[in-house]
Amino acid sequence: MRGRIDILWILSNICADGIEPIQKVLATELPDKLMTVVSEDEEALRLEGMYCLKNMVYLATQDQIQTLVSKNIIESILVNLESCHEPKLIEVTLETLSKILHFGNLLIKPGGRIKLNPYAKRAYESPAAIFIEMLQDHKNETIYELVEELIDTFFNPLIKQSETELVMKE
């Protein structure tokens, strides 16, 4: 396992180097392998895999984020909230998700066809979304604050829109 952690650490550093290295990584099968690592492997590997994805997401362009979303990054990382108890892994997962959802807000243009954050909608409709709500009771203050930000910033607009649509149908 140590060798795999070292490889993920190296990949994480490559992804932290900017847009061009991220693009080169995206052009390989590595993102698909990372999605498997962060959703199926042991927690130590998941954490290193999440650092890779976090570095990618924090430096990526909108198009690169879209590529990651099309490779199911949202669903892959949400698994950590369901099956993990390691606070650092939960924290890195929530930070990464938040950054992805911020990119989703950039897709909303006044008067445009996209009215709601499509990335937030995808996360909210995921079966693992219930675990975000459950983390509101987490004893770790950082995790609690990250969850509150996700709910207030990204999920509450979806809930309000759903409520409005229900009222209009009646």
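Given a cut-off of 29 Å, name the pairs among LYS33/LYS99; LYS99/LYS160; LYS88/LYS109; LYS24/LYS99 whose C-alpha atoms lie farther apart than that in the structure shown.
Numbers: LYS33/LYS99 21 Å; LYS99/LYS160 22 Å; LYS88/LYS109 35 Å; LYS24/LYS99 21 Å.
In this structure, LYS88/LYS109 exceed 29 Å between Cα atoms.
Can you give me the % of accessible surface on region 1-60 that is carbon or sulfur? Probe 1.4 Å, all protein chains present, nothing else counted. Show your work: numbers first, answer last.
On the way: 1790 of 3210 Å².
Looking at region 1-60 in its full context, I get 56 percent from C and S.
What is the angle, in °, between the Cα long axis of helix 43-59 and the longest principal axis of the Cα atoms in the chain? Nearest 10 is fine, range 0 to 90.
70 degrees
May I ask which residue of THR61, ALA129, ILE73 lies farthest towards the positive end of the charge dipole of the chain, with charges of +1 (Lys, Arg) and -1 (Asp, Glu) on Cβ and the Cα centre as origin?
THR61
At a threshold of 8 angstrom on Cα-Cα distance, excluding pairs fewer than six apart, so keeping six or more, what relative contact order does region 50-148 reach in percent? Intermediate results must be reported in sequence, preceding the final value.
Numbers: 85 pairs, mean separation 29.7, N = 99.
This gives 30 percent for region 50-148.
Taking the chain as a Gaussian network, Cα atoms linked when under 10 Å apart, which of LEU47, LEU34, LEU59 shows the biggest mean-square fluctuation?
LEU59
Quick check on the chain: take the gyration tensor over C-alpha atoms, sort the square-rooted eigenvalues as a ≥ b ≥ c, and tell me if it's rounded (a/c under 1.5), prolate or oblate. Could the numbers behind the result be given before it?
Details: a/c = 2.29, a/b = 1.42, b/c = 1.61.
Since a/c reaches 1.5 but b/c is at least a/b, the shape of the chain is classed as oblate.
Out of THR28, THR36, THR96, any idea which swings most in a Gaussian network model of the chain, alpha carbons joined below 10 Å?
THR28
Would you tally the net charge around ALA60, using a Cβ to Cβ cut-off of less than 11 Å, leaving ALA60 out, and scoring K and R as +1, D and E as -1?
On the way: positive: LYS54, LYS99; negative: ASP63.
Summing Lys and Arg as +1 and Asp and Glu as -1 gives +1.
Which whole-number percent gives the relative contact order of the chain, counting Cα pairs below 8 Å spaced six or more residues apart? Don't skip to the answer; put the middle values down first.
Numbers: 178 pairs, mean separation 31.9, N = 170.
RCO, the chain: 19 percent.
Distance from the Cα centre of region 1-52 to that of region 77-152, in angstrom?
Cα centroid of region 1-52 versus Cα centroid of region 77-152: 20 Å apart.
In deg cm²/dmol and to the nearest 500, what is the mean residue ellipticity at 222 nm of the chain if only DSSP H runs of at least 4 residues count, each as -39500 (n - 2.57), divided by the residue total?
Numbers: 11 runs with 126 residues, N = 170.
Taking each H run of at least 4 residues, the total per residue is -22500 deg cm²/dmol.
Let me spell out the model: positive unit charges on the Cβ of Lys and Arg, negative unit charges on the Cβ of Asp and Glu, origin at the Cα centre of the chain. What dipole size does that give, in debye rounded to 20?
On the way: 17 positive and 27 negative charges, 132 e Å.
Rounded to the nearest 20 debye, it is 640 debye.
How much net charge surrounds CYS15 when only other residues with a Cβ under 12 Å from its Cβ are counted (Lys, Arg +1; Asp, Glu -1)? The partial results should precede the final answer.
Numbers: positive: LYS24, LYS54; negative: ASP17, GLU20, GLU48.
Around CYS15, the surrounding residues sum to -1.
Which stretch or stretches of region 96-139 have amide N atoms under 14 Å from the point lying 7 Å from ASN72's Cα along the Cα→Cβ direction?
Counting only backbone N, you get 126-128.
About the Cα centre of region 13-75, what is the dipole size in debye to 20, counting +1 per Lys and Arg Cβ and -1 per Asp and Glu Cβ, all else neutral?
Numbers: 5 positive and 11 negative charges, 39 e Å.
The calculation lands at about 180 debye.
Given a 1.4 angstrom probe, what's the average accessible area per residue across region 1-145, in square angstrom?
52 Å²
The values are calculated or read from the model by the stated rules, or taken from the named source; none is laboratory data. Nothing here was measured: the structure is a model prediction, and the numbers come from that model. In this analysis, Cβ positions are derived from the backbone assuming ideal geometry, glycine residues included, and neighbour counts consider all displayed protein chains. These accessible areas exclude ligands, DNA and RNA; they are computed on the full protein's heavy atoms, side chains included. Shrake-Rupley method; radii C 1.70, N 1.55, O 1.52, S 1.80 Å.
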